[in-house]
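Enquirer: Structure below; questions to follow.
A short reminder: the numbers here are calculations on the coordinates, not readings from a lab. Only a predicted model underlies this, so the values are computations on that prediction, with no experimental measurement involved. Glycine gets a Cβ as well: all are built from the backbone with ideal geometry, and neighbour counts include every protein chain shown.
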Amino acid sequence: MKNDVVAHFDKDRAATYDEQWKPLAPMMDALHLLTRIAFSALPERASILCVGAGTGTEILRLAEAYPGWRFAAVEPAEAMMEVCRQRLEAAGLSDRCDFHQSYLETLPPGPAFDAATCFLVSHFLTDAAARGAFFASIAERLSAGGLLVSADLAADRKDPAFDRLMALWLDLIAAAGMLLENRIRYRQMFGVEVAAQSPQEVEALIAENGFEAPTQIYQSVLIRAWLSRRAG
Ligand SMILES: C[S@@+](CC[C@H](N)C(=O)[O-])C[C@H]1O[C@@H](n2cnc3c(N)ncnc32)[C@H](O)[C@@H]1O
């Protein structure tokens, strides 16, 4: 399953990823703004772990705001990592970033990170135990009290509001240029290839795997984000 997801983020997808999601960028801009502010009390020389860094947008945004910070980009898909490297290099930021093109569990041990981001990644782990272990592996890499901002698709499919949210989400991805046949497929794979755990279930998984009870800090249709603090 993990490898299928990574295979999905191939060369063609990596090359078009940022352009494809540009129409929805305002939604992600809000998430980046909140993350920047949520992390604003971190030390001047903080180190940040970015899990599933994709094409590097969260690193770019944080690096621009906090010139003293260093980043570890963890990204298993080779093509996504290549775009991430190129973008950071073009922005003159690559000397502040360590690149690990693999999964988090293979990141060599090192000093604990002050904070982590994990945007639109854990929902690919459809098995709740694997998803919980994933959050635990992030917690293990953080210093005591270290912060995590995680964002994922989450929806309570039994909630009467779900159909309306899903309809709006499908209209949004149509506005971003997704063809009808792909939208139909997207609707079918929601809850199958992408976890459709309720917000309460995601919160419980985070809290049971190394973090204090998370606080939801953002919702835009089906995307929700939480701010969590490493427990203990
Ligand atoms: C939807 S993209 C999000 C990228 C970026 N965080 C963003 O917000 O634009 C998901 C990324 O997570 C990566 N990914 C998938 N499964 C992963 C896993 N188990 N561990 C780390 N990264 C993973 C994918 O290769 C892909 O680049």
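Enquirer: Which of the residues spanning segment 131-146 are crowded, with 16+ Cβ neighbours inside 10 Å and part of a strand (DSSP E or B)?
Expert: Listed by number, the residues that qualify are Leu142, Gly146.
Enquirer: Check Arg164 against each of (1) more than 10 Å from the ligand (Cβ to nearest atom); (2) in contact (Cβ under 8 Å) with a residue 60 or more places away in the chain and name the one condition it does not meet.
Expert: Result: Arg164 passes all but (2).
Enquirer: Can you spot a residue in segment 1-11 that is assigned to a helix (DSSP H, G or I), more than 10 Å from the ligand (Cβ to nearest atom) and closer than 22 Å to Ala79 by Cα?
Expert: Looking for residues that are assigned to a helix (DSSP H, G or I), more than 10 Å from the ligand (Cβ to nearest atom) and closer than 22 Å to Ala79 by Cα, one finds at least one in segment 1-11, hence yes.
Enquirer: On to the next question. If a residue must be within 10 Å of the ligand (Cβ to nearest atom) and buried (at least 22 other Cβ atoms within 10 Å of the Cβ), how many such residues does segment 110-120 contain?
Expert: 3
Enquirer: Taking Ala129 as the residue in question, decide whether it is touching a helix residue (DSSP H, G or I) at 6+ places or on another chain (Cβ under 9 Å) and not aromatic (Phe, Trp, Tyr).
Expert: No, not satisfied.
Enquirer: Answer yes or no: is there a residue in segment 21-43 that is closer than 23 Å to Gly145 by Cβ, polar (S, T, N, Q) and surrounded by fewer than 21 Cβ atoms within 10 Å (Cβ to Cβ).
Expert: The answer is yes, given that some residue of segment 21-43 is closer than 23 Å to Gly145 by Cβ, polar (S, T, N, Q) and surrounded by fewer than 21 Cβ atoms within 10 Å (Cβ to Cβ).
Enquirer: Counting only residues that are over 22 Å from the mean Cα position of the chain (by Cα), give me the helices (runs of 4 or more DSSP H) lying completely in segment 157-232 with at least 1 of them.
Expert: 162-175, 180-189
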